[in-house]
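Peer 1: There's a structure below that I have some questions on.
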Amino acid sequence: MVNLDEYYLSRSLEHQPFPSACYAPFVGLSFDMNGSVSVCAFTRTKPLGRVGETPLIEMWRGERISRLREAVAADDLSYACSRCAEEIAGGNLSGSLAVGFDQFAASPSADWPTRMEFALSTACNLQCVMCSGEFSSAIRAHREGLPPLPQSYGDEFLEELDPFLPHLQQARFLGGEPFLAEINFRIWERMIDLGLQVECNVTTNGTQWTPRVQRVLEQLPFSIGISIDGTTPETVELIRSGGSYDRIMENLGHFVAYRDRHGSSLSLTFCLMIENAHEFVDYLLMAEELGCRVYVNTVRQPMRHSLYQLAPEDLQVVLAGIEAQAAAAQGSLSINSAALNEQLARLRGHLETCLGTPVEVARASVESARYQELVDTLSEPGLGESELIHLLQKASADQPAGVDAVSVLRCDAHERIVEGNHYVGLEQEEFLSAHASVLHPMLAERIGHRVDVLADRSGNGSSTRVLSFGEPGAEPAVMVTMARRGPDPWSTSRYATLLRSGGQPC
């Protein structure tokens with residue numbers, strides 16, 4: 001459990017009205033690409049409802065959000081907020097999602113949310129190596145080879161949203177790439193027509209600077225965060241596949257000029273991972289020269305990109321390199337010195353833990369390799385459905401049940417489940433006619449809200465993952481799940497089986 005006195009001391013904040021380390025349930029609503037609504041991006045497995053099915057006002061004032069508020073007010077971050085609890089406990093104070101709600105904590109409105117987060121579209125022009133088709137239309141089309149996801153937001157949603165807009169202090173727009181999503185421009189146009197001056201916070205990949213973008217920027221107060229993830233063309237274009245380093249840096253100049261003209265906020269985001277750790281200090285120095293604060297996202301999934309999955313000896317090399325660069329940059333960082341020190345402290349702490357538990361680290365490495373081998377096998381081109389089901393049956397933790405241990409679902413073009421036997425313990429009547437995105441939140445309600453990706457592989461018209469579901473302090477349940485194109489007349493089919501049953505909390 002998070003020590004709140006230490007948390008507030010570290011944030012240099014006085015205690016606020018709600019005795020919790022995160023104010024998201026009291027101030028915010030968050031919308032994802034599939035129409036699901038939660039209080040933030042990290043509580044997707046505790047949804048409040050779906051757009052078009054549950055009225056927004058009921059989501060804000062209903063029983064589900066009340067339960068979450070009660071848990072957070074009681075300092076019980078295990079109910080849905082273990083991600084942020086882990087980040088705070090691990091020392092990533094400025095990078096935790098909870099920090100983004102601090103500014104709204106002093107005067108939260110009981111009647112209306114004061115902050116909304118819109119991740120309404122997967123429209124994106126990049127195929128970032130750490131991303132997936134859930135968030136990027138380019139990845140879904142090209143890397144995964146799956147049909148496009150349906151649009152979940154239209155005229156009815158906008159009309160329902162209208163009475164909420166005047167109460168907002170901040171509207172946050174995520175992607176995909178927010179400046180490629182038509183629905184975002186429709187929201188901005190409504191704000192302009194209503195004469196509102198709501199702060200619009202956008203996290204962009206920096207590839208878009210168009211007359212249409214410039215128009216809304218000039219008419220609404222925008223704060224911009226740009227994700228670049230490197231300082232050289234080689235690194236940026238490796239990680240942000242499909243992007244042009246030269247174009248991104250040119251556009252960065254436009255955004256800096258916009259900030260200087262309007263006195264607005266401009267920050268940079270760095271997804272710290274294996275591929276760019278060697279440029280982390282240089283990135284902080286670049287941001288310092290531009291007068292931009294850096295926010296660090298910890299890449300833990302997919303595991304093959306995560307520093308926290310490196311063997312101890314490899315992590316020692318990476319850490320030594322960052323420390324040497326940090327020593328050389330000593331005195332050159334001001335606004336970003338905390339970001340550097342926090343990440344160094346976290347990596348040192350993780351390395352000490354690994355060196356102190358070599359058997360556990362070795363076991364986890366073997367298990368990870370086994371899961372990756374499984375998803376690679378299941379993703380082989382030309383694998384027929386009967387062969388796929390046979391392989392899943394062999395891998396299942398419930399082999400005596402035979403083919404019944406393997407879930408087979410069929411989805412239409414709207415990602416609605418139209419046929420299916422079961423889904424890893426969920427019965428037909430629980431999911432038939434529902435959107436496929438409800439499956440994992442429903443499972444999370446039963447076997448644990450903490451969901452991690454242990455292995456993944458995309459390509460050949462499919463996306464395959466090994467997922468763990470669990471609660472803090474409990475042995476997780478592990479399952480393999482696959483979304484695959486067709487066969488006709490279905491848009492996609494989904495397959496899953498349990499690889500390991502979860503244990504009881506310690």
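Peer 1: Just the number please: accessible area per residue for the chain, 1.4 Å probe, all protein chains included, in Å².
Peer 2: Result: 43 Å² of accessible area for each residue.
Peer 1: So how do 327-337, 267-277 stack up, highest first, on mean other-Cβ count within 10 Å? It would help to have the intermediate numbers written out before the result.
Peer 2: Values: 327-337: 13.5, 267-277: 21.5.
With the highest mean Cβ count within 10 Å placed first, the list reads 267-277, 327-337.
Peer 1: Right, here's the next one. Counting only Cα atoms, I'd like the Rg/Rh figure for the stretch 114-236, Kirkwood definition for Rh. Walk me through the intermediate numbers first.
Peer 2: Values: Rg = 15.2 Å, Rh = 15.4 Å.
Dividing the radius of gyration by the Kirkwood radius yields 0.99.
Peer 1: Continuing with the same structure: At a 1.4 Å probe, what is the % contribution of carbon and sulfur to the accessible area of the chain?
Peer 2: 51
Peer 1: A follow-up question, please. Please report, for the Cα atoms of the stretch 371-497, the Rg to one decimal and the Dmax as a whole number; what are they, in angstrom?
Peer 2: My reading of the Cα-based Rg and Dmax gives 13.9, 44 Å.
Peer 1: If you don't mind, another one. GLU234 accessible area, nearest 10 Å², 1.4 Å probe?
Peer 2: Surface open to solvent at GLU234 totals about 130 Å².
Peer 1: Take the Cα radius of gyration of the chain and divide it by 2.2 N^0.38 Å, with N its residue count; two decimals is plenty.
Peer 2: It is 0.97.
Peer 1: Would you kindly calculate the mean projected area, averaged across all directions, of the convex hull enclosing the Cα atoms of the stretch 213-262, in square nanometres?
Peer 2: On the way: hull surface 14.9 nm².
So the mean shadow area of the Cα hull is 3.7 nm².
Peer 1: With n ≥ 4 as the cut-off for DSSP H runs, can you work out [θ] at 222 nm for the chain, using -39500 (n - 2.57) per run divided by the number of residues, rounded to the nearest 500?
Peer 2: Values: 17 runs with 183 residues, N = 506.
Result for the chain, helices only: -11000 deg cm²/dmol.
Peer 1: Take the alpha-carbon positions of the stretch 228-376, form their convex hull, and give its projected area averaged over all directions (one quarter of the hull surface) in nm².
Peer 2: 10.1
Peer 1: Quick one: which of 223-231, 240-248 comes out on top by average Cβ neighbours within 10 Å, and what's the full order, highest first?
Peer 2: 223-231, 240-248
Peer 1: Just need the Rg to Rh number for the stretch 158-304, please, alpha carbons only, Kirkwood Rh.
Peer 2: Numbers: Rg = 16.1 Å, Rh = 16.3 Å.
Computed over Cα atoms, the ratio is 0.99.
Peer 1: Moving to a separate point now. Rolling a 1.4 angstrom probe over the protein chains, ignoring ligands and nucleic acids, what is the accessible area of TRP209 in square angstrom, nearest 10?
Peer 2: Probe radius 1.4 Å; accessible area of TRP209 about 50 Å².
Peer 1: Can you list the equivalent-ellipsoid semi-axes of the stretch 21-79, largest first and in whole Å, using the square root of 5 times each Cα gyration tensor eigenvalue?
Peer 2: 19, 12, 9
Peer 1: Determine how large the accessible area of GLU387 is when every protein chain is in place; take a 1.4 Å probe and give Å² rounded to the nearest 10.
Peer 2: For GLU387, solvent-accessible area is about 90 Å².
The values are calculated or read from the model by the stated rules, or taken from the named source; none is laboratory data. Keep in mind the model is a prediction, meaning the values are calculated, not measured. We place every Cβ from the backbone using ideal geometry, glycine too, and count neighbours over all the protein chains shown. Each accessible area value is taken on the protein alone, full model and side chains, heavy atoms only, with ligands, DNA and RNA left out. Shrake-Rupley method; radii C 1.70, N 1.55, O 1.52, S 1.80 Å.
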